[in-house]
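What follows is a set of notes on a single structure, which appears directly below.
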Amino acid sequence: MLRHPRKISQEEEAESVFVSMTDMTVGFLFIMILLLAFFASQYDDTETVPRPVYNSALDERDAALAEVERLKQQLEDLQDRIAELERLNTRKDARIAELEKKLAELQDRLKAKDPIELYNAQSARTRRTIIEALARAVKKDIDEERIAGLDVSTQGDALRFQGTGLFASGQGTLSGASLRIIRQLGQHLARELPCYSIGPRSDIRLDCNPGLVLIETVQVEGHTDSDGSETTNLQLSSQRALSAFAQIAPDTNGTGTPSMLDFRNLLDQPVMAVAGYGEMRPIADNGIVRGKAANRRIDLRFIMYVPPGKDLIPNTVSDISRISAALQAREAEQ
């Protein structure tokens, strides 16, 4: 059977398209094979990483990232600390400025302070220095003499002698051992007084007395316990004071020996004086033996010159004679 020419043409055209598609597919596959061959030729198994190494690298990366975060936190904490220190430094500077201001105010107040108060304060400090120096010297004497039961101490404005080694109950005179100690006290005192008194033995100098303070009185005071009557104890305490005074300032009339009475105050009176207080000023319990022994004592009290006016404060060594003359003139007028 014969086919129609047009139909034959359509079948040929369809076959031609099929052949073209097949060729294209074959060509594409051929290209893919070539590409796979190329990539296969480029493959090198030496460039691969084993799984344990890969996992270790991941762990190291994670640890490094964690360390970075930790360091970042430390940096933030450090920055916060620096800021806090800066705030503290600011407050410190403010406090220093405040203290400097207060110091300046105190210095101004000190400059404006009453000169009599300043002089009296210097006198008190100097008196303390004198008493402490005497106490050290006497304690050394006691140790060297090995005297038991005798004690010396500083008590404010006084040097105190007390204990069983000083006076027996009812006794008005010093015993042999304590007598030697009190006599040595007089020698120590004679070395201190020249720089703080006027008179024939005066030696006032700025190197030993920069404040130009002066001693008014060195009073030897006697005391008793409560045994006996008040009148008897007053007499007994006076005897004790006189017994100590006789050793501190022995009578040198006609001997040519310098006398402790040559040390004078600004009124040209001897600085040495005596007083007895009986049982009126106890320092311990009279109800026990030890307390009574403590109350049987001698106090060496230092009374310093107090200027009655600003014009009577010595500013130079030469001022002292002028002030002494002025005070004696006032005393004569009264």
Label-to-label distance, nm, for residues given as Leu267 and Glu86 (7 Å Cα→Cβ offset): 7.2
Reachable aspartates and glutamates from Lys113, criterion Cα separation under 15 angstrom, eight or more residues apart if same chain: Glu105
Computed label-point distance, nm, for sites Asn286 and Asp143 using a 7 Å Cα→Cβ extension: 3.6
Among (i) 0.95; (ii) 2.70; (iii) 1.00, the entry that matches Cα Rg over 2.2 N^0.38 Å as calculated here: (ii)
Rounded to the nearest 10 Å², the accessible area of Arg61 at probe 1.4 Å: 130
Gained length - Arg205 relative to Glu100, 0.36 nm times residue gap less alpha-carbon distance: 34.2 nm
Most mobile listed residue (Leu214, Leu71, Leu174) in the chain, GNM with C-alpha springs under 10 Å: Leu71
Packing-based ranking, highest mean first, of 83-90, 150-157 given that Cβ atoms within 10 Å are counted: 150-157, 83-90
Anchor Lys140: aspartates and glutamates whose Cα lies under 20 Å away (excluding residues fewer than 8 positions away in-chain): Glu132, Asp151, Glu192, Asp299
Axial C-alpha extent at least 18 Å, average Kyte-Doolittle at least 0.5 - helices from the chain (DSSP): 5-42
Of all accessible heavy-atom area on the chain, the percent that carbon and sulfur account for (1.4 Å): 56
Max mean-square fluctuation residue, GNM over the chain, Cα-Cα springs under 10 Å, options Thr231, Thr126, Thr164: Thr231
Estimated FRET transfer efficiency when R0 is 45 angstrom, pair Ile116-Ser226 (beta carbons, to 0.05): 0.65
Full-stretch length increase - Asp108, Leu58 - with 0.36 nm per residue and alpha-carbon distance subtracted: 10.6 nm
Prolate/oblate/rounded call for region 48-184, Cα gyration tensor, a/c under 1.5 rounded: oblate
Accessible-area order (highest first, 1.4 angstrom probe) of the listed residues Cys195, Cys208: Cys208, Cys195
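The values are calculated or read from the model by the stated rules, or taken from the named source; none is laboratory data. Model, not experiment: these values are computed from the prediction. When we count neighbours, we look across all protein chains shown, and the Cβ atoms used for this are built from the backbone with ideal geometry, even at glycine. Please note that ligands, DNA and RNA were not included when accessible areas were found on the heavy atoms of the full protein model with its side chains. Shrake-Rupley method; radii C 1.70, N 1.55, O 1.52, S 1.80 Å.
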